[in-house]
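What follows draws every value from the coordinates through simple rules; no lab data is involved. All values reported here derive from a predicted model rather than from experimental measurement. Cβ placement follows ideal geometry from the backbone for every residue including glycine, while neighbour counts extend to all protein chains displayed.
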Amino acid sequence: MNTGPGDLEAVVTTVRGTGTGDGPRLLRLAADLAAAAAAAEHLDAHRAELLDVLTRYESFEAATDEIGRSIDTLRNLHREVPGLRTARAGTTAVFLPVNLPLYSLVLFAAVPSLAADSLTARGPAATAEWHAQVLAVSGLRRYFPRLELVHTTRRAFLRDRVRDATTVIFTGRYENAESVRRECPRALFLFEGSGPNPIVVGPRADLDVSFDRIVTARLFNGGQDCAGPDAYLVHTSRAEEFLARLLATLAALPTGSYRDPLVRVGPVLNRAPLRDLARRLEEVAHDVVVGGAVDPGTATVQPTVVVRPLSHHDRLVEFFAPVFYILRYGGPAELDGFFARDEYTSRAMYASFFGEDVPAALYANSTVLTGCTVLDVERGNDPYGGYGPRANYVARGGRVLEVAPILITACLARHGGGEPPRESHAQVRRMAVQQGPDAVTGRRP
């Protein structure tokens, strides 16, 4: 569905087909879908201006990708009608992530604002000006008038917007989410965090076909992606070949200013964690094969490869930088041990497998991908996440309502005061994605 701003009648027909009753609600939803389609056309028509503002702090590759995903999400918003038709968010406060500002504004602010009486979003202080520039160029305020972006301190945002909000959407670290949740005990609280998202390279992996996507998962946006893998588990029989390919790729990798469209790794957005990152790389210095340099002054992290046996692994770190943490494993028993660790299960989201059998137990807590990575399958109109209690959840007060992949509009329909959408909760409880000839996405009940 690629609805133009004038095709309100066609949108009304689409909404009627979902079972939504006639009247003001139908007309408002139809108008919202038409506005979203018009917003998509605006983004498409202003790609050059968006690229100019986005590449101030992210790669051309990442900017192009998030523009495309934003347009796709808005053009396909009709897929979220089952949730939108009953979603209720009331007064909503949103904590935006530091990265991918355009796509984040679409996913966490623009679309949820359709279910809200008002929605106020705040970006991190380090990128507040950038978020404002992106919002201005995107034109989203024109099409989503209930959306407001504010530049205020975190304390003021908590006091003035969060404590009395009906709904709070938080993206970021689990510890910070818990701190904010205590400030708004009456609100519906949606937490979208991050997970280890490991990639397994097994003995049957076809690296001629899959190597580029395996490496891109870490290099995307200069390594600054919440869906990036915190670890690569590579079978000992393939470790030498994988490492040789990786070192050759990094040796030829363009780094520097993101104004150069060929550059894939440049300065990091958030300098605050760099000292902790440097200390971690010092801890594993004897396993560093290449790179390892961190310069907080210039906010740069040299592309780094750490290789160690899985038996020597101590703890996972969310690098949020171009660091490849490679663990060599010898067989299924070692994999089972890794995936049973609390540091994995508590933050379980996605797990990608190339040329290796998936441990059966993994389907209980992870969104399993075979032959592909998160970047290959993530779509803005689908639930996102996994089943780790520190990865994502929906809560109200002290009670967690669900721990499962989140589609905000569907969650607002289930828990925000409206009637449940047509799809049952069971349909979004388990998901397994398989990459075949047609890249089929399936959900495991």
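Miscellaneous remarks
- Computed lengthening from residue 278 to residue 207, 0.36 nm per intervening residue step minus Cα-Cα distance: 22.5 nm
- On the beta carbon distance between residue 236 and residue 299, with R0 = 51 Å, the FRET formula returns roughly 0.90.
- Here the Karplus relation 6.51 cos²θ - 1.76 cosθ + 1.60, evaluated at θ = phi - 60°, turns the backbone of segment 55-68 into coupling constants of 6, 5, 9, 9, 5, 4, 4, 5, 5, 4, 5, 6, 5, x Hz, with x for every Gly and Pro.
- Distant-in-sequence amide H partners of residue 234 (H built 1.01 Å from N, under 5 Å): 201, 327, 328, 329
- Check: the chain dipole with +1 on Lys, Arg Cβ and -1 on Asp, Glu Cβ, in debye: 1440
- Along segment 255-271 the Karplus relation, 6.51 cos²θ - 1.76 cosθ + 1.60 evaluated at θ = phi - 60°, assigns HN-Hα couplings of 10, x, 7, 6, 5, 7, x, 8, 6, 10, 10, x, x, 7, 6, 9, 7 Hz to successive residues, with x for each Gly and Pro.
- Where only alpha carbons of the chain are counted, the Rg and the Dmax (Å): 21.6, 68
- Site pair residue 260 and residue 379 shows an inter-label distance of 3.7 nm when each label is modelled 7 Å from Cα along Cα→Cβ.
- In plain terms, the residue of 255, 73 with the fewest other Cβ atoms within 10 Å comes first and the most crowded comes last, giving 255, 73.
- Furthest towards positive pole of dipole, 254, 330, 235, structure part segment 199-377, Cβ charges: 254
- FRET efficiency, 1/(1 + (r/R0)^6) with R0 22 Å, evaluated for residue 49 and residue 126 via beta carbons: 0.45
- Sorted by Cβ density within 10 Å, fewest first, the residues 286, 151, 313: 286, 151, 313
- Extension gain, residue 290 to residue 159, is 42.5 nm, computed as 0.36 nm per intervening residue step minus the present C-alpha separation.
- Computed about the Cα centre, the dipole magnitude for segment 199-377 is approximately 380 debye when only Lys and Arg (+1) and Asp and Glu (-1) carry charge, each at its Cβ.
- At an R0 of 41 angstrom, the distance between the Cβ atoms of residue 253 and residue 314 translates into a FRET efficiency of 0.90.
- Positive end of the dipole of the chain (Cβ unit charges, origin at the Cα centre): among 340, 291, 179, the Cα lying farthest that way belongs to 179.
- Taking the Cα atoms of segment 355-409, the ratio Rg/Rh between the radius of gyration and the Kirkwood radius comes to 1.03.
- Relative contact order for the chain: 17 percent, from Cα pairs under 8 Å spaced at least 6 residues apart, divided by residue count.
- Phi-based couplings in Hz for segment 124-134 (Karplus 6.51, -1.76, 1.60; Gly and Pro marked x): x, 4, 5, 10, 4, 5, 5, 4, 5, 5, 5
- For segment 330-372, the Stokes-Einstein estimate of translational diffusion at 4 °C and a viscosity of 1.567 mPa s comes to 122 µm²/s, using the Kirkwood hydrodynamic radius over alpha-carbon pairs.
- Evaluated at q = 0.11, 0.19 Å⁻¹: base-10 log I(q)/I(0), Debye formula over Cα of segment 199-377: -0.45, -1.39
- The length gained by stretching the chain between residue 142 and residue 357 to full extension, at 0.36 nm per residue less their Cα-Cα distance, is 72.5 nm.
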